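The values are calculated or read from the model by the stated rules, or taken from the named source; none is laboratory data. Only a predicted model underlies this, so the values are computations on that prediction, with no experimental measurement involved. We place every Cβ from the backbone using ideal geometry, glycine too, and count neighbours over all the protein chains shown. The area values use the complete protein model at the heavy-atom level, side chains included, leaving out ligands, DNA and RNA. Shrake-Rupley method; radii C 1.70, N 1.55, O 1.52, S 1.80 Å.
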Amino acid sequence: MILEVRAVAPFYKNGFVVACERTRQAVLIDPGDEIDELLGAVRDLDVDVQAVLLTHAHVDHITGVAAAKEAFDVPVYLHRDDQFLYDLAVQQGAMFGFKVRQPPPVDAYFGADPFLFGDYETHVHHTPGHCPGGVCLQIGRAGGTGRHLFVGDTLFAGSIGRTDLPGGDYGVLMRSITEVLFPLGDDAIVHPGHGPDTTIGRERTTNPFVLDYLKGI
Ligand SMILES: [Zn+2]
Ligand SMILES: [Zn+2]
């Protein structure tokens, strides 16, 4: 699997290019302000982008969708429960003091079937709590167990997603982390929406927010 990550100021939100090394088919995950860097990576890797996949619709994760759509003319996928946030992109930007253009419409909602690109497939797990339509994109070889988890802002190395934004819910978030993400396996690699990679095992055993929560239930 080919994997490239880029992040720029002010949000330092991770945008990803994930591609099949054999077919060069690729997906873009969460294109934001670093879209120019992602477009450069796509050119350098000489891969063929098939879709834009969004872990959720907070503004820092979608400001690059328009440029991605312009460059590749491929479908944009989102969980249906985040459509309302996507529709509020301009207002979300204003909330953080940024002028943001409304991105082009979402083309499809994630369904039950895995999304295929080259020899790889993406399974979508609904992980609400940070926002209603948050998902974990589990990517790996078709027919295998995906070892790469693109979790958006649900779980970070040593931290968890904030739950004070519209539609956020602490209890729901913690259940998504412990009941949806943790069963995906200790050795699964976690690629958060911000900051460095981690693993499920490391977060399960050392994340202070998780340990606190598990003590209390
Ligand atoms: Zn977010
Ligand atoms: Zn974010």
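Ignoring ligands, DNA and RNA, what accessible area per residue does the chain give at 1.4 Å, in Å²?
Numbers: 9380 Å² over 217 residues.
Value for the chain: 43 Å² per residue.
Within the straight-line cut-off of under 27 Å between alpha carbons, the lysines reachable from residue 69 are 13, 99, sequence neighbours fewer than 8 places apart in one chain being disregarded.
What's the FRET efficiency of residue 119 with residue 215 using the Cβ-Cβ distance as r and R₀ = 41 Å, to the nearest 0.05? Working shown, then result.
Numbers: r = 42 Å, r/R0 = 1.03.
For R0 = 41 Å, the calculated efficiency reads 0.45.
Basic side chains Lys and Arg get +1 at the Cβ, acidic Asp and Glu get -1 at the Cβ, and with that the dipole of the range 1-127 about its Cα centre reaches some 280 debye. Considering the chain as a Gaussian network with a 10 Å cut-off on Cα pairs, which listed residue, 69, 99, 13, attains the greatest mean-square fluctuation? Maximum fluctuation in the GNM of the chain, among the listed residues, is at 99.
Once you have the Kirkwood Rh of the range 107-189 from its Cα pairs, apply Stokes-Einstein at 37 °C and 0.692 mPa s and quote D in µm²/s. My calculation gives 248 µm²/s for D. Ordered from longest to shortest, the equivalent ellipsoid semi-axes for the chain are 25, 21, 15 Å, each the square root of 5 times a Cα gyration tensor eigenvalue.
A simple spin-label model places pseudo-atoms 7 Å from Cα toward Cβ; at residue 162 and residue 73 they are separated by 3.9 nm. Taking every DSSP helix (H) stretch of at least 4 residues in the chain, weighting each as -39,500 (n - 2.57) and dividing the sum by the residue count yields a mean residue ellipticity at 222 nm of -6500 deg cm²/dmol. Fully extending the segment from residue 8 to residue 36, taken as 0.36 nm per residue of separation minus the present Cα-Cα distance, adds 9.1 nm.
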